[in-house]
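Written out below as structure tokens is the structure these notes cover.
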């Protein structure tokens with residue numbers, strides 16, 4: 001179902017978010033103070049508006065409180081990002097997602113009303129390091145502070161041709177399979193117990209980092 005988003009600040013990060021959401025079929029309002037940038041992004045969003053987001057009067061005319069989420073990405077201008085986040089909260093915007101420039105800035109953003117703080121470079125660095133450290137994972141997504149992850153995993157050879165019920169992944173390995181990617185376009189969400197794993201499948205699993213890592217040590221013995 002189509003949702004409504006606003007993106008404030010159209011640098012590389014903000015533009016990519018806006019363009020991707022628009023390509024996913026959502027309504028996207030793009031806002032930037034640079035008229036030249038606004039002209040360039042008009043075909044990659046639903047509506048593009050030139051305006052200084054640091055002016056509360058400008059923000060108040062855009063209906064941002066009706067958006068499913070407002071994404072704030074103002075580069076290294078931490079003062080502006082903080083001020084805009086404060087204004088959005090005062091306007092009643094419920095879901096405010098803000099790109100931070102560091103841990104201290106992130107703490108301030110949370111205090112003034114950010115629903116979610118994003119650290120693009122830091123998060124990417126951690127993701128790269130985790131994927132290098134755990135090469136059996138095709139993807140790494142942390143989901144709790146207790147080191148649980150969602151991972152995309154190529155199934156061990158002994159899994160091929162066997163059902164999920166037969167493998168007993170939950171009881172034997174403390175792993176839950178929440179999806180199967182088969183080919184480029186097919187995705188099976190919450191596969192049934194009788195689902196048979198085939199060569200080339202990708203398992204989308206939930207478990208602790210330790211338990212997911214343990215799957216790569218399976219050598220085919222029962």
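No value in this document is a laboratory result; all are computed from the given coordinates. None of the values given here were measured: they were computed from a predicted structure. Cβ: placed from backbone, ideal geometry, glycine included. Neighbour counts: every protein chain shown.
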Angle between the Cα long axis of helix 12-23 and the longest principal axis of the chain, 0 to 90 degrees, nearest 10?
70 degrees
Given springs between every Cα pair under 10 Å in a Gaussian network model of the chain, which of 21, 116, 169 has the largest fluctuation?
169
Show that you can apply the helix-only estimate: for the chain, add -39,500 (n - 2.57) for every DSSP H stretch of four or more residues, divide by all residues, and state [θ] at 222 nm to the nearest 500.
-9000 deg cm²/dmol
Helix 78-90 sits at what angle to the longest principal axis of the chain, using alpha carbons and giving 0 to 90 degrees rounded to 10?
90 degrees
Using Cα springs under 10 Å in a Gaussian network model of the chain, which residue among 27, 174, 95 shows the largest mean-square fluctuation?
174
Taking R0 as 30 Å, what FRET efficiency do you get between residue 77 and residue 148 from their Cβ-Cβ distance, rounded to the nearest 0.05?
0.30
Return the percentage of antiparallel bridges among DSSP beta bridges fully within the chain, rounded to the nearest 5 %.
50 percent
Residue list for region 38-76, given a label point 7 angstrom along the Cα-to-Cβ vector of residue 16 and an amide N cut-off under 20 Å
38, 40-46, 70-76
Expected max-MSF residue from 103, 166, 68 in the GNM of the chain (alpha carbon, under 10 Å) is 166
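Give me the compactness ratio for region 4-118, meaning the Cα radius of gyration over 2.2 N^0.38 Å. Intermediate results must be reported in sequence, preceding the final value.
Values: Rg = 12.7 Å, N = 115, 2.2 N^0.38 = 13.4 Å.
Cα Rg divided by the expected 2.2 N^0.38 Å: 0.95.
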Set the Förster radius R0 to 35 Å, insert the Cβ-Cβ distance between residue 111 and residue 34 as r into 1/(1 + (r/R0)^6), and round the FRET efficiency to 0.05.
0.75
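Report the full-extension gain for the segment residue 50 to residue 160: residue separation times 0.36 nm, less the Cα-Cα distance, to one decimal in nm.
Values: separation 110, 0.36 × 110 = 39.60 nm, distance 5.53 nm.
34.1 nm is the gain from fully extending residue 50 to residue 160.
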Need one number: the % of Cα-Cα pairs in the chain sitting beyond the 21 Å mark.
63 percent
Helix 120-133 sits off the longest principal axis of the Cα atoms of the chain, rounded to the nearest 10 on a 0 to 90 degree scale, by 10 degrees
